[in-house]
Amino acid sequence: MSNWHQRTPQKRSPGIRRAVWRRDSGLCQHTRVDTGLPCFAPGAVVDHIHNLADGGRDSAENCQVLCQWHSDKKTALESAAGRRKARQARSLPTSRGHRPLGSLE
Ligand SMILES: [Zn+2]
């Protein structure tokens with residue numbers, strides 16, 4: 001049972017996904033904050049480092065293989081950031097910034 005949410009459909013090139021998977025050997029490329037080393041768990045998805053919705057490009061440079069755990073974590077962080085942004089837009093005109101995605105563990 002999964003609570004997988006389909007993200008908004010966006011244009012993605014299957015050729016890029018294949019190339020990224022090959023480049024990353026199908027292993028999770030997320031760098032762990034604690035060790036500074038890549039996770040290297042068996043990959044589950046090809047992820048856009050910068051969301052297409054945030055102006056990221058659909059290119060191999062902007063893609064990485066992630067394991068399911070890191071993919072879930074990034075998705076959760078992004079939706080939390082989105083909610084925070086929406087809240088801030090209502091209350092504070094200045095934001096304390098946008099945390100880079102490297103801060104997820
Ligand atoms: Zn991982």
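No value in this document is a laboratory result; all are computed from the given coordinates. Note that this is a predicted model, so its numbers are computed, not measured. Every residue, glycine as well, gets a Cβ built from its backbone with ideal geometry; the counts of neighbours run over all protein chains shown.
Rounded to 0.05, the FRET efficiency of the ALA80 and ALA41 pair, given R0 = 25 Å and the Cβ-Cβ distance, is 0.65. Residues whose amide H lies under 5 Å from that of VAL45, counting only those 5 or more places away or on a different chain, are LEU66; hydrogens are built 1.01 Å from N in the peptide plane. Under the simplified labelling scheme, the SER59-THR31 pair shows an inter-label distance of 1.9 nm, with each label point 7 Å from Cα along Cα→Cβ. Between ILE49 and TRP69, full extension at 0.36 nm per residue minus the direct alpha carbon distance yields a gain of 5.7 nm. Within region 14-91, the proportion of C-alpha pairs whose separation exceeds 15 Å stands at 60%. Working note: Karplus 6.51/-1.76/1.60 with θ = phi - 60° gives region 71-78 the couplings 5, 4, 5, 5, 4, 5, 5, 5 Hz, where Gly and Pro are set to x. For HIS30, the amide hydrogen comes within under 5 Å of the amide hydrogens of CYS39, PHE40, CYS67, counting only partners 5 or more places away or on other chains and with H modelled in the peptide plane. Ranked by the mean number of other Cβ atoms within 10 Å per residue, highest first, peptides 61-71, 76-86 order as 61-71, 76-86.
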